[in-house]
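What follows is a set of notes on a single structure, which appears directly below.
Every number in this text was worked out from the coordinates using simple rules, so none of it is lab data. Given the structure is predicted, the values throughout are model-derived calculations rather than measurements. Using ideal geometry, Cβ is built from the backbone for each residue, glycine included, and neighbour counts are taken over all protein chains shown.
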Amino acid sequence: MAAEKELSGRGFAIVIVGVGVLLCCGTPTAGFYLSRKDAREEPGIRAAADAYLSAVVRHDDNGAYDMLCAADRRRESRADWLDRPAGGYGVTGFRITDVTVERSGDTPTRRWVTAEVTYSDQAPRTVGLNVERQDGDWKVCSPDVR
């Protein structure tokens, strides 16, 4: 009977050590996976943001509209987009400062680009561009600058 208690106590200790190892190693590993950048996605995400912002700098409203995601194009037709006075005409340049990919078990993966945008008539501003993959292409959604 004493041997059974000893085996039971040893099994409990092994389970506790196993749970401790999972918590100590598994949590940082999962956090790293969920927040790491995916090297395969980053060039496409960066290129989409670059194409959109380049179109804004060139005052190419058609080109900027082409880079919008489907939800934005459903909300606003090309004609309305082109007729609306654009706030981006003062945009003279930009510099992409970061590409972020955020994975979470509960929500879809979020991808966004942070850029420093320079204006002819105001101080530089940091903007965020959400980027999504649609029909095999990367598209910008609800941009802060137009």
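Odds and ends about this structure:
- Highest average first, the peptides 56-63, 69-76 ordered by how many other beta carbon atoms sit within 10 Å of their residues are 56-63, 69-76.
- Oblate is the label for region 42-141, because the ratio a/c of its alpha-carbon gyration tensor axes (a ≥ b ≥ c) is 1.5 or higher and a/b is not greater than b/c.
- Around the Cα centre of region 86-128, unit charges on the Cβ atoms of Lys, Arg, Asp and Glu (plus for the first two, minus for the last two) sum to a dipole of about 100 debye.
- Each of Glu76 and Thr97 was given a label point 7 Å from its Cα along the Cα-to-Cβ line. The distance between the two points is 2.4 nm.
- Magnitude of the charge dipole, region 42-141, Cβ model with Lys/Arg +1 and Asp/Glu -1, debye to 20: 100 debye
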